[in-house]
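The values are calculated or read from the model by the stated rules, or taken from the named source; none is laboratory data. Remember, predicted model here, so these are calculated numbers, not experimental data. Cβ sites come from the backbone with ideal geometry, for glycine too, and all protein chains shown count toward neighbours.
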Amino acid sequence: MMPEFNDPFLVWRMIFTINFKKFKITKFCEIVLIVIYALVHCLLLYYTFTNFSANLLIRYGPVMIFYIFMIAATTFSIALEAELSEVITFLDEICWPLNMIAEDAQVKLQRKCRIINMCIAFLVLIILSAIIVNYPFFGDQRDFFICVRVFEEYFGEWSFIPYYFYFAASPFFYYNYFKLCFTFVYAVLEAGLQFFLIEGYLLQTYKVDYLKRWKCLKDNRYQQELGKSLRLCIVHHIALKKLVKMIVNLTVNGMPIFLLLGSLLYISCFTFTINLVNSLTNILKTRIILMGASCVGVTVLLCWNGQQIIDVTSSIFTTLVGAPWYFWNLDNIKILLMFITNCTKNDKIVLAGICLDYKLFASILRISFSYALVLFNLRKASVS
């Protein structure tokens, strides 16, 4: 029996409480909040279209799209909670402990995990700053949140009730939005860690005294231990491939709506900045900068995770190809060939030819900035 897995990414699991078992009353309250917020944003969209102007859309577009994005993410989080729980449960069942590899390899792996944790912590700090600075006690909301104008127009002197409810309930959507993101991040980080453990375990298995290598062909005990190690790696690799497939299938379900809303959010942020940069107060500049930084940070993290799936599934193949198979007996060579065959195809998150990787982030930025420039020129032409 293997020792307990010492999770280097446990802090993110604890912060975001990646546990989807809830009481019925909790689920009911979540659904009620989603319905209320959805109705509120339907009202905001109705007001935007009935009072449509380029300035109105440019000024209030980023926050409106961001909240719609959060509502969609929260809905997906609740709708797919059984599948998400299944992924995390399966992950807990298959994890290898870190001591499966040598101490020097463990130190390198732990150092890499610490660097990843520090980068994610910095991103979380930016996200928290962006959330906090958007609350009313940091300045007037009228020039950034269209809901202030809408509530005053439709509710009159009672507008303070929906106004305070809107901001009081928003942490629920913030939390579920980032919980969904970090569930994906956590699962991919753990899968990547396990692939690295397989790679380290294989490299450790390959090590043999140079003077004794050819003698290993006649050493039945060595060949038996080698075959046992290879079979253990194959079993774990198959389990990880299943885990990655579960992650990919869940991600593809929400990819179309998140790509659409994410692109619209980038376009609206660029358009807001280009058109209004000279007329913004300091608090508005701070809000849009932090919002843009958090969006870019989350996008980079998600695209990096998508790239990680490609990289870690290909690294095993490279490690297997470098195996000293000429010192192995025929049975172990057959096991190696079977292992290599299972690693010839890299896993990736792809939808309609769009792959979640580094190139996607660059494409989103390029397309969003291009559309923002088009909107800027249209507004400039209409003004002149």
Please enumerate the residues belonging to segment 78-93 that are surrounded by 14 or more Cβ atoms within 10 Å (Cβ to Cβ), part of a helix (DSSP H, G or I) and not charged (D, E, K, R). Ile78, Leu84, Ser85, Val87, Ile88, Phe90, Leu91
Please determine whether any residue of segment 293-302 is under 30 Å from Asp347 (Cα atoms), modelled with pLDDT under 80 and among the hydrophobic types (A, V, I, L, M, F, W, C). no
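Among the residues of segment 122-153, which ones are among the hydroxyl-bearing types (Ser, Thr, Tyr) and at pLDDT 85 or above?
Within segment 122-153, just Ser129 meets the criteria.
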Pull up segment 1-40, narrow it to residues that are among the polar types (S, T, N, Q) and either assigned to a loop (DSSP other than H, G, I, E, B) or over 30 Å from Phe145 (Cβ atoms) (or both), then point me to the one that is modelled with the lowest pLDDT. Asn19
Here the qualifying pairs (Cβ atoms under 9 Å; residues six or more apart or on different chains; first in segment 257-271 and within 12 Å of Pro62 (Cβ to Cβ) and modelled with pLDDT of 80 or more; second assigned to a helix (DSSP H, G or I) and among the basic types (Lys, Arg)) come out as Thr271/Arg379
Out of all the residues in segment 321-339, is one or more closer than 30 Å to Leu232 by Cα, without any contact (Cβ under 8 Å) to a residue 12 or more places away in the chain, of a type in the set (Lys, Arg) and outside any loop (DSSP other than H, G, I, E, B)? yes
Segment 94-126, residues that are among the basic types (Lys, Arg) and either within 14 Å of Leu189 (Cα to Cα) or exposed (fewer than 13 other Cβ atoms within 10 Å of the Cβ) (or both): Arg111, Lys112, Arg114
Asp143, sole failed condition from (1) in contact (Cβ under 8 Å) with a residue 40 or more places away in the chain; (2) in contact with a helix residue (DSSP H, G or I) (Cβ under 8 Å, 6 or more places away or on another chain); (3) assigned to a helix (DSSP H, G or I): (3)
The residue that is nearest to the chain's Cα centre (by Cα), considering only those in segment 127-137 that are assigned to a helix (DSSP H, G or I) and surrounded by 14 or more Cβ atoms within 10 Å (Cβ to Cβ), is Ile127
Given Asn305, Asn275, which one is buried (at least 18 other Cβ atoms within 10 Å of the Cβ) and in contact with a Lys or Arg (Cβ under 7 Å, 6 or more places away or on another chain)? Asn275
Boolean, Val277 is assigned to a helix (DSSP H, G or I) and free of Cβ contacts under 8 Å to residues at least 24 places away in the same chain: yes
By residue number, the members of segment 168-214 that are modelled with pLDDT of 85 or more, among the aliphatic types (A, V, I, L, M) and more than 30 Å from Thr74 (Cα to Cα) are Leu197, Ile198
Scanning segment 146-161 residue by residue, the ones that are part of a helix (DSSP H, G or I) and polar (S, T, N, Q) total 0
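Return a yes/no flag: does segment 346-364 have any residue that is farther than 26 Å from Asn249 by Cβ, among the basic types (Lys, Arg) and at pLDDT below 75.
no
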Quick check, is Phe317 crowded, with 18+ Cβ neighbours inside 10 Å and either aromatic (Phe, Trp, Tyr) or at pLDDT 85 or above (or both)? no
